[in-house]
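The values are calculated or read from the model by the stated rules, or taken from the named source; none is laboratory data. Just so we're clear, the structure is a prediction, and the values are computed from it rather than from any experiment. Neighbour counts run over all protein chains shown; Cβ positions are idealised from the backbone, glycine included.
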Amino acid sequence: MEKSISLVLFGIFAVLIVSGCTQQQPAVQQTPVQTPTEQPTAVQPAVKLSAGNYLVDSKGITLYMFARDVTGDSKCTGGCLNIWPIFYQENITISPDLNASDFGTITRVDGKEQTAYKGWPLYYYSKDVNPGDITGEGVIKAWFIARPYTVFLANKDNLTFLVDGNGDTLYTFAKDMPGVSNCTGACLKTWPAFYTDSVVAPSLLNMSDFADITNSVGSKQTTYKQMPLYYYSNDTKRGDISGQGVINAWFVAGP
């Protein structure tokens, strides 16, 4: 009987020893696996400047301006639109090197909206298929890539003439001499001098034909083919040519 009790006690003692030696292991914390997240694709502006300093859409497709649109409305209608589809972007976004105030929207005669740059409606050219194509440049001497022009070409009433980037008509004075302005005093109030410190013009115009002079009041004035350029104070809207033929001495500046 004593032997049986001893065996039982020994068994209990052994169990206690094993229990004391076995420690509960702490739960292993699972480190969440960081799955790489895709970087958001930068939103491309609806209009931006290309490396060649002309306007393109978000995909790099070239935008154009039409010389006949000088008054600010689109003269490209009917079949013309099959070749020159309109560009329109609601709530337009632009790249930082462009000015938001230069962009607007016109409503065409067909009721559709069209984005305009400096008052010039913007178009695509159907034969441009790749980003950077400029095959529409100079077509019929009236279609040009859209750029931040300071001098542009306009076509109205069978006249082709120079305008500034906003479509305001430029004139020459028959009494001027090459490189010399003879419009002085009160004349300059009626015919203000045109000047730009950076000529940006369509490819149809030769950049070497532009220069600048200092006129009678000490102000700089841009010349084209050596003839000083002017505005006419009675022109109140873009594309106005009310100065044409005044005193048979003032004429729109032709290319």
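In summary, Asn91 fulfils each of the numbered conditions (1) in contact with a Phe, Trp or Tyr (Cβ under 8 Å, 6 or more places away or on another chain); (2) at pLDDT below 95 with the single exception of condition (1). Within the stretch 46-78, if we keep just the residues that are within 12 Å of the chain's Cα centre (by Cα) and on the phi > 0 side of the Ramachandran plot, the residue that is modelled with the lowest pLDDT turns out to be Asn53. Every condition in (1) β-branched (Val, Ile, Thr); (2) out of contact with any Gly (no Cβ under 8 Å at 6 or more places or on another chain); (3) closer than 16 Å to Val47 by Cα is met by Ile145 except one, and the failing one is (2). Figure legend. Inter-residue proximity from the stretch 169-192: first residues assigned by TED's automatic domain parsing to the domain that holds Tyr224 and surrounded by fewer than 20 Cβ atoms within 10 Å (Cβ to Cβ), second residues among the basic types (Lys, Arg) and part of a loop (DSSP other than H, G, I, E, B), beta-carbon distance below 9 Å, spacing 6+ or different chains. Indicated pairs: Pro178/Lys225; Asn182/Lys175.
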